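Everything on this sheet refers to the single structure shown next.
The values are calculated or read from the model by the stated rules, or taken from the named source; none is laboratory data. Just so you know, these numbers come straight off a predicted model, no measurement behind them. Because the Cβ atoms are built from the backbone with ideal geometry, glycine has one as well, and the counts that use them run over all protein chains shown. Areas reflect the complete protein model, heavy atoms only, side chains present, ligands, DNA and RNA absent. Shrake-Rupley method; radii C 1.70, N 1.55, O 1.52, S 1.80 Å.
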Amino acid sequence: MLHIVIPAYNEELRLPRTLRELRRFVREHASVLQPVEVVVVDNLSTDATAAVALEASTDAVPVRVVTCAVRGKGAAVAAGVAATGATSSDVVVFMDADGATHLDALLESWRLLALGADVAIGSRAAEGSDTAVRHSRLREAGALRYRALTAKVVPGIRDTQCGFKALRGDLAVTVFAALRTTGFSFDVELLARLQRGGAVIEEFPVQWADVPGSTFAPLRHGAGSFLNLAVIAWLLRAAPAGPATAVPALPLAPAPALLVAVEA
Ligand SMILES: Nc1nc2c(ncn2[C@@H]2O[C@H](COP(=O)(O)OP(=O)(O)O)[C@@H](O)[C@H]2O)c(=O)[nH]1
Ligand SMILES: [Mg+2]
């Protein structure tokens with residue numbers, strides 16, 4: 001089963017289109033992506049986020065709304081992953097409410113997990129990615145610095161902040177239960193923990209288009225993001241990056257249909 005977690009803070013405008021596209025995409029690739037459940041995590045929204053999410057629910061793509069009382073994208077994704085109750089035969093994906101990452105990422109991440117990866121992360125830095133629209137100059141400059149620092153915490157990973165990531169279900173539940181970062185830097189802590197646990201992490205190129213209405217405000221969230229990186233490095237100081245074996249062997253048995261469908 002595929003569980004798709006979407007953190008949402010005041011997303012009544014951007015979420016409906018994302019859920020509509022998701023329904024269409026799942027219908028087109030039903031043999032790979034069904035059964036699926038969407039968990040929208042309403043992060044104390046003051047608009048109609050929960051209502052528009054529930055309105056989008058169908059039999060083929062059921063949508064469940066979970067409330068997270070702790071603000072922050074990290075807290076919201078963690079609450080959603082916990083609510084999936086995913087097991088080793090499941091896949092957990094999380095993606096942003098704005099649908100900035102093209103949904104082809106669903107197929108590619110499935111394929112990588114089926115081939116043996118524990119984690120597959122969308123990357124705007126990987127060869128072959130296509131990032132049509134860019135952020136403001138200020139955000140770009142900040143992102144560049146941020147990337148240079150994340151490289152020290154999670155060596156080898158080129159884009160920690162793309163909104164799309166897929167994990168083996170049991171691993172997702174375990175690692176998110178340990179996560180401490182509630183804000184936008186949670187991806188770095190997540191990847192650092194996974195890396196130190198010996199998880200096989202594959203970065204794959206995505207088609208990515210910025211969608212107006214970002215909830216990330218460089219001036220408001222920027223400094224906090226850098227501070228969080230320092231906290232994460234400190235939190236994980238005792239666990240050196242490098243090969244480890246804490247992650248149990250691959251439990252996902254790929255259906256033959258999956259590999260064929262993805263290649264088609
Ligand atoms: N800023 C913010 N975003 C949140 C929060 N909780 C969940 N989110 C979601 O996190 C995602 C962030 O994506 P987005 O706003 O597009 O940021 P960007 O893509 O990094 O510019 C969206 O789905 C938000 O709705 C929160 O407390 N604050
Ligand atoms: Mg976005």
Suppose we filter the range 217-243 for residues that are within 16 Å of ligand 2 (Cβ to nearest atom), at pLDDT below 90 and surrounded by 14 or more Cβ atoms within 10 Å (Cβ to Cβ); how many remain? 3
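Rundown of residues vs (1) open to solvent by 60 Å² or more (accessible area, probe 1.4 Å); (2) within 16 Å of ligand 2 (Cβ to nearest atom), yes/no style:
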residue	(1), (2)
L19	no, yes
F25	no, no
E28	yes, no
L33	no, no
E37	no, no
T46	yes, no
E55	yes, no
Six or more apart or on different chains, Cβ atoms under 6 Å: show the pairs whose first residue is in the range 66-80 and within 16 Å of ligand 2 (Cβ to nearest atom) and whose second is open to solvent by less than 30 Å² (accessible area, probe 1.4 Å) and of a type in the set (V, I, T). G74/T181; A76/V41; V77/V5
Looking only at the range 96-124, count every residue that is surrounded by 15 or more Cβ atoms within 10 Å (Cβ to Cβ), of a type in the set (G, A, S), in a loop (DSSP other than H, G, I, E, B) and away from ligand 2 (no atom under 16 Å from the Cβ) and tell me the total. 1
From the list T182, T160, pick out the single residue that is touching a Lys or Arg at 6+ places or on another chain (Cβ under 9 Å), within 16 Å of ligand 1 (Cβ to nearest atom) and open to solvent by 10 Å² or more (accessible area, probe 1.4 Å). T182
Which pairs have Cβ atoms under 9 Å, sit 6 or more apart or on different chains, and link a residue in the range 81-98 that is over 13 Å from A166 (Cα atoms) to one that is among the acidic types (D, E) and crowded, with 21+ Cβ neighbours inside 10 Å? T84/D90; A97/E11; D98/E11
Residue list for the range 192-229, restricted to those being within 14 Å of ligand 1 (Cβ to nearest atom) and without any contact (Cβ under 8 Å) to a residue 12 or more places away in the chain: P212, A217, R220
With touching a helix residue (DSSP H, G or I) at 6+ places or on another chain (Cβ under 6 Å), in a helix (DSSP H, G or I) and among the aromatic types (F, W, Y) as the only criterion, which of F226, F204, F176, F184 stands out? F176
